[in-house]
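Reading through the structure tokens given below for one structure.
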Amino acid sequence: MPHSPRVALRTLRSSLLTAALLVALVAGAQAPDDGLTLERIMAHPDWLGNAPESPYWTDDGRSIYYLQKRPGEEQRDLVEIGVEGELRRVVGLGETGSADAPGGSFSPDRTRKVYERAGDLFVKELAAGTVRQLTRTAAAERAPSFLADGRRVSFHRGNDLFVRDLESGLEEQLAELRLEKDPMEKKPPEGYLAEQQLRLFDFLSSGKERKEAAEARELAERRADPTRLAPPFYLGEGVEIRQVSLAPNARFLLVVLGKKDESPGRKDMMPAWVTESGYVEPKEVRAKVGTGEEASERLVLIDLASREQKELDLAALPGIEVDPLAELKRRAEERKKRKTEVPATGGVEQEDLPVATPDGATPSPQQAAEPPPVEPEVVPVEVPAEPAPVPPAEPAKPRPVTFGPILWSPAGDRVAVTAFSRDNKDRWISLVDLETRALVTLHRLHDEAWVGWDFHDVGWLPDGSALYYLSEETGFSQLYLLPMAEGAAGRRLTEGQFVVSNVVASRDGAWLYFLANAEHPGIYEVHRVSVATGAGEALTRLGGLNQFWLSPDESRLLVLHSKALEPPELYLQDLRPDSEPRRLTHTVSDEFRAIAWTPPSYVAIPSNHAAWPIHARVYAPVGIESASPEARFPAVFFIHGAGYLQNAHQGWSTYFREMMFHTLLTRRGYFVVDLDYRASAGYGRDWRTAIYRRMGTPELEDLEDAIAWLTARHPLDRERLGIYGGSYGGFLALMALFKRPDLFAAGAALRPVTDWAHYNHSYTASILNTPSVDPEAYEASSPIEFADGLEKPLLICAPMQDDNVFFQDTVRLAQRLIELGKEDWEVAIYPVEPHSFRQPSSWLDEYRRILKLFERYLKR
């Protein structure tokens, strides 16, 4: 006999209460009593302990220095420890000069080191350990470097370059660079009036002659007198110096010039509301994408011996005159015409925006990128007897470029430069032929999406026989070698579906050391490869995340190592693959170590949209092992920020507060999933560029794949999923709630980008081009365009002093939601906070709201 509706309802309520009670018992009764609270998690992070920062070796390799933050202060102390980890000293006020400095430049025989500290220069005799101060000025001296003779040191003071002879003490300026036209090449005033003035007035004509004679005499004296500064080099008007680099043999200068007062675009204003004055105090902040100039930098080679100077022709860069955005620009122009043309039926033609398909699914990449076809209106026209003349095509112009660091070979006989197109599509590694004064391109990396921001390491082997560099041409950042010998072929030194970074050459040039995630995408170990044979080997087996520094004698590795639940600490290891690392520092607090943090499991989720699996950290509810087989748990999906950032790695995360919050969630009965969606770092070029012109589409596909896979294998309740994240993570939370409201029951968007047309240029233009060139990409990628899809509860947390993602983003979205009549959304504002919160009270308030959101809508 079937149950009555009342009995069925009572049975359903009983089942729900039983399930809820079971979850509460499992999550609560077995949670450890170690004092973990939201207040503790969001307190000032000093309570975790302060990990070593910026470590480096002493010059003799007998000690190690690192910076350590003082508890309760922002100041860092310089700490010295021995190679056994014993504390030797905390460098006190006024003692900095007695400590070795990081970096610097060594003489060719490695007997001396020159370095900069606090804007002054010092040289150290390494054997004796004695230090001689070279400058003590209000000006900032920087970038000191030994010249090839080992006797002289070059350095920068402002835009001027100087050389100090360490034996004689003579300081000289090898070249005076003037940002003006050569006065000897300036044309005199022309025209009748100018000629009349000189003809009628002896005062003017004789004065002109005297001035020209004095200038000529001054130049002649400077040329003839070796004790005088040589005549200046004139670099032209309307420019500024971006780089000046001297060859180690002091023969050549290479100068990078940029347009003076190049406009970054119209800057915005950000008001400060909580001020000491009691008045609103606005300040200027960055410009928005596509609103500035994109002028090309210029490269000038100066021969100090012959006093010749030549601007290098950038047209020699292969492909520089081909515009990869030409088709998009053409389509944008057609779009403008369609929007302004009046059809025969009257009215203005509607703008074609990417929209969801009728079934609510996300448009495919082609649907999102391509405008719908427009049927042309057939209008009879009179055909002329003869075709109108076609205007000649304008010659192709080189695309504007910027330059990376200038790299001279140790002897100064070769120099390499890296150029980047300002449309983000190309990178060139070129030599400057010092004889022909021309660019010779060795390698071009072209990407139809954009050349990545990372993996641009380029360097010389110590003997100058070859260049090494990183390139993503195989789809993953790999290490290459380019020999300089005539006829020698370049070769790849590493191969595989992993990422190589942080390349360091050994002093003898036999080895190249680097980091690679060859074992697992989330584990970065130290590797090396033989330059001669290409044979490689892993040197560390620590797991997690690692950074490394070679000891001065290159017999040991200093490693900064971390794991998911272990903040960074220093380790020491002999430079052998089978060597056991030894821990040097113990900076984590007892309070942090006493807490039973929920460890993540690392899963690789098959993707239905990409060849590479979706990697994630999954935190399971505490006590899930004893739960009933029928129990289903709510789940929270955390979305990391930055877009191109990796967070499902196996090391300590910059999102350490979120990691602790996730433990709190697991104790309350939640699964937590931390996903490396497409665009995340560490998985190669195709993973990165999948979002080109369609941000927010591949990532939602990855979320959908992850939800389906996880719910099929773990007891997640498909109807009780939440999402939250900050910055790019906030953007994706909005896109999920707006475009796929079926995926999540509630979400929190923290400091979210709501409209990419309002974000900065350097990041956004790489992925979406610019709004004027590619408006379709911006409309397909901006949450504000899809706000009508909001159906589930939404919390927005917005800092008002955010000079990265402006508060205006949230204000505009709020107005849009109001006009759309949307409910169940709210905005929490933080008047004094920048993009990354600083006040513990703000962190606590924000995460209290997030927790309440999930407890209300996911716990039921």
Mind listing the long-range amide H neighbours of residue 717? Cut-off is under 5 Å, sequence gap 5 or more, other chains count too, H placed in the peptide plane at 1.01 Å from N. 633, 635
Please report the spacing between the Cα centers of the range 476-523 and the range 91-105 in Å, no decimals. 33
In cubic angstrom, how much convex hull volume per residue do the alpha carbon atoms of the range 294-343 span? 93
Karplus couplings for the range 839-854 from phi (6.51 cos²θ - 1.76 cosθ + 1.60, θ = phi - 60°), rounded to Hz, Gly and Pro as x? 8, x, 5, 6, 4, 5, 4, 4, 7, 4, 5, 4, 5, 4, 4, 6
Two decimals is fine: what's Rg over Rh for the range 715-758, C-alpha atoms, Kirkwood radius as Rh? 1.04
What is the percent carbon and sulfur in the accessible area of the chain, measuring with a 1.4 Å probe over the protein chains and ignoring ligands? 52
Calculated over the range 189-338: convex hull of Cα atoms, volume per residue (Å³): 367
Taking a probe of 1.4 Å, how large is the accessible area per residue of the range 572-614, in Å²? 55
Label-point gap, in nm, between residue 604 and residue 54 - each point 7 angstrom along Cα→Cβ: 3.9
Report the full-extension gain for the segment residue 273 to residue 90: residue separation times 0.36 nm, less the Cα-Cα distance, to one decimal in nm. 61.8 nm
Mean Cβ count within 10 Å, highest first, over the residues of peptides 516-523, 834-841: 516-523, 834-841
Once the Cβ-Cβ distance between residue 823 and residue 333 is put in as r, and R0 is 41 Å, what FRET efficiency do you end up with, to the nearest 0.05? 0.50
Which of the trypsin sites (Lys or Arg not before Pro) across the range 130-218 are loop residues per DSSP, with 16 or fewer other Cβ within 10 Å? 136, 151, 181, 186
Quick check of the Kirkwood formula: for the chain, what is the inverse mean of 1/r over all pairs of different Cα atoms, in Å? 31.5
Report the Cα-based extents of the range 722-824 along its three principal axes, largest first, to the nearest Å. 35, 29, 24
Using r as the Cβ-Cβ distance of residue 220 and residue 142, and R0 as 41 Å, what FRET efficiency do you calculate, to the nearest 0.05? 0.75
Contour minus Cα-Cα span, residue 322 to residue 193, at 0.36 nm per residue, comes to 41.7 nm
Explain nothing, just the number: relative contact order of the range 462-559, from Cα pairs under 8 Å at least 6 residues apart, as a whole percent. 17
Set 283/822; 187/211; 69/283; 259/397; 186/310; 339/822 screened for pairs whose C-alpha atoms are more than 21 Å apart: 283/822; 69/283; 339/822
Collect residues whose amide H, placed 1.01 Å from N in the peptide plane, falls under 5 Å from the amide H of residue 176; neighbours closer than 5 in sequence don't count. 233
Simple label model, 7 Å out from Cα along Cβ direction - residue 98 to residue 590, nm: 3.2
With every protein chain left in place, what is the accessible area of residue 46 in Å² (1.4 Å probe, nearest 10)? 30
Alpha carbon centre of the range 320-336 versus the range 108-174: separation in Å? 50
Residues residue 413 and residue 530, FRET efficiency given R0 of 35 Å [Cβ-Cβ distance, rounded to 0.05]: 0.85
Please work out whether the range 562-713 counts as rounded, prolate or oblate from its C-alpha gyration tensor, where a ≥ b ≥ c are the square roots of the eigenvalues and a/c under 1.5 means rounded, while otherwise a/b larger than b/c means prolate and anything else oblate? oblate
Largest to smallest principal axis extent of the C-alpha atoms in the range 47-171, angstrom: 51, 31, 20
For residue 272, distant residues with modelled amide H under 5 Å away: 281, 283
For the range 503-596, would you read off the P(r) tail past 24 Å as a percentage of all alpha carbon pairs? 24
Let me make sure I get this right: for the range 813-858, a, b and c are the square roots of the gyration tensor eigenvalues over alpha carbons, sorted descending. Under 1.5 in a/c it's rounded, otherwise prolate if a/b > b/c, else oblate. Which is it? oblate
Roughly what would the spin-label model give for residue 203 and residue 579, points 7 Å off Cα along C-beta, in nm? 8.1
What net charge is computed for the residues neighbouring residue 314, neighbours being all others with C-beta under 11 Å from the C-beta of residue 314, Lys and Arg scored +1, Asp and Glu -1? -1
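The values are calculated or read from the model by the stated rules, or taken from the named source; none is laboratory data. Keep in mind the model is a prediction, meaning the values are calculated, not measured. Here Cβ is always computed from backbone atoms with ideal geometry, including for glycine, and neighbour counts include all displayed protein chains. When the accessible area is computed, the model is the full protein with side chains, heavy atoms only, and any ligands, DNA or RNA have been set aside. Shrake-Rupley method; radii C 1.70, N 1.55, O 1.52, S 1.80 Å.
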